[in-house]
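Structure, as structure tokens:
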Amino acid sequence: MEKNNDSRRMMRERKTIKLMIELYCTDHHKKDSRPCEDCGALLDYAYLRLLKCTFADKKPACSKCRVHCYSPDMRDKIRNVMKYSGPRLIKHNPILSLRHLFNGLKSKKIIY
Ligand SMILES: [Zn+2]
């Protein structure tokens with residue numbers, strides 16, 4: 001399968017995950033540096049997973065993905081972040097989050 005990690009899709013994924021983690025960190029950890037050390041590590045991890053994602057720019061939304069590439073503890077963390085920030089992102093950045101949801105809907109059709 002051809003990979004294209006610099007596609008607009010992948011850049012959008014990176015931007016979305018960064019916004020989600022920063023929003024979560026701002027509201028939960030209230031550290032001077034944003035994202036804090038923990039969340040920075042989570043962001044690095046998420047970027048790396050995206051980079052190594054089997055599906056690359058053909059990947060479904062991570063929540064719908066069949067391949068669980070996150071380690072269990074990182075998966076818990078990112079799940080909390082998405083649960084918290086997902087709905088809030090719609091207020092902050094409607095276009096970005098609507099696209100994210102739309103990708104989720106599209107991929108649902110392909111898999112199921
Ligand atoms: Zn944090």
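The values are calculated or read from the model by the stated rules, or taken from the named source; none is laboratory data. This is a predicted model, so every value here is computed, not measured. Neighbour counts run over all protein chains shown; Cβ positions are idealised from the backbone, glycine included. Note: accessible area is taken over every heavy atom of the protein model, side chains too, but ligands, DNA and RNA are not part of it. Shrake-Rupley method; radii C 1.70, N 1.55, O 1.52, S 1.80 Å.
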Local electrostatic count at CYS36 - Lys and Arg +1, Asp and Glu -1, tallied over other residues with Cβ under 11 Å: -1
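At a Förster distance of 41 Å, what's the computed FRET efficiency of SER7 paired with LYS31, Cβ-Cβ distance as r, to 0.05? Each step should come with its number before you reach the end.
Details: r = 33 Å, r/R0 = 0.80.
The calculated FRET efficiency here is 0.80.
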Sort MET74, MET10, MET82 by heavy-atom solvent-accessible area, probe 1.4 angstrom, most to least. MET82, MET74, MET10
